[in-house]
Amino acid sequence: MEEKEFGEFRRLLQSAAVTLVAVSKKMEEKDIMRVYGYGQRDFGENYVQELVAKRKDLPADIRWHFIGHLQRNKVKEIVGFVHLIHGIDSERLLKEVDKQAAKADRVVDVLLQVHIAREETKFGFDEKEIGEILPLLNLYRNVRVKGLMGMATFTDDESKVAAEFAGLHSLFAACKKHEEAEEWNTLSMGMSADYKIAISKGSTMMRIGTLIFGARQ
Ligand SMILES: *Cc1c(COP(=O)(O)O)cnc(C)c1O
């Protein structure tokens, strides 16, 4: 996107109270700096090595989101600086983030990933498991669970995507009753192909790559 188009896109999301995370995986540092120049500060990466390298070179005021599948043995490499980890998909991973965050003397913000795409095997908790883990969250003093993240089925069937996002939103709203309301405030759903549907279903944060940067190699 050129600056003007990007500005319009961001205003659209702002008017829906949605935070934009620009997904810069596989993009070069100069591409990131172009979008940084438009005023964007939230960027999302999927790979630990790539994130660590980019973070070293790029401005310190970037808020780095980790949006990929995080392996437990890599947690310590990002825990000292990461702004939000979107893909907590097991209690073992949550426990490891808590442990490493304590060592780094930080409280790290995270989201629980929910498996909403029915026919595909994707990482994440199901609805029942979310219900089971919520009462245990206060055991983990060095993580702050801010909400949920989910990815819809990759399909042209918009009604299917809409139903999955609506389901995730109602789970998010149901959990809010149990959690501290001001901490439980983030629902990360929506990508380039389905962001309009995600807005209509109550997303508060989107992870957008292709639409901003163009197709990845
Ligand atoms: C790559 C990726 C995105 C961005 O996808 P686009 O279709 O390029 O917008 C969002 N979320 C996750 C988890 C991703 O891996």
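The values are calculated or read from the model by the stated rules, or taken from the named source; none is laboratory data. Predicted model, so just to flag it, every value in this text is computed and none were measured. Because the Cβ atoms are built from the backbone with ideal geometry, glycine has one as well, and the counts that use them run over all protein chains shown. Just the protein is used for accessible areas: all its heavy atoms, side chains included, with ligands, DNA and RNA removed. Shrake-Rupley method; radii C 1.70, N 1.55, O 1.52, S 1.80 Å.
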Exclusive hit being more than 16 Å from the ligand (Cβ to nearest atom) and not aromatic (Phe, Trp, Tyr), set Ala193, Ala163: Ala163
Residue under evaluation Asp109, criteria (1) part of a strand (DSSP E or B); (2) open to solvent by less than 10 Å² (accessible area, probe 1.4 Å), criterion not met: (2)
For Asn138: the one exception among (1) exposed (fewer than 13 other Cβ atoms within 10 Å of the Cβ); (2) modelled with pLDDT of 95 or more: (2)
Matching residues in the stretch 150-207 - criterion: being of a type in the set (D, E, K, R), in a helix (DSSP H, G or I) and free of Cβ contacts under 8 Å to residues at least 24 places away in the same chain: Lys160, Lys176, Lys196
Criterion violated by Tyr38 - all others in (1) more than 23 Å from Leu111 (Cβ to Cβ); (2) open to solvent by 60 Å² or more (accessible area, probe 1.4 Å); (3) touching a Phe, Trp or Tyr at 6+ places or on another chain (Cβ under 7 Å) satisfied: (2)
For Val110: the one exception among (1) closer than 26 Å to Val79 by Cβ; (2) within 13 Å of the ligand (Cβ to nearest atom); (3) among the aliphatic types (A, V, I, L, M): (2)
Residue within the stretch 198-217 that is in contact with a strand residue (DSSP E or B) (Cβ under 7 Å, 6 or more places away or on another chain), open to solvent by 30 Å² or more (accessible area, probe 1.4 Å) and within 16 Å of the ligand (Cβ to nearest atom) present: yes
Asp89 vs. criteria within 20 Å of Leu187 (Cβ to Cβ), of a type in the set (Asp, Glu) and within 16 Å of the ligand (Cβ to nearest atom): yes
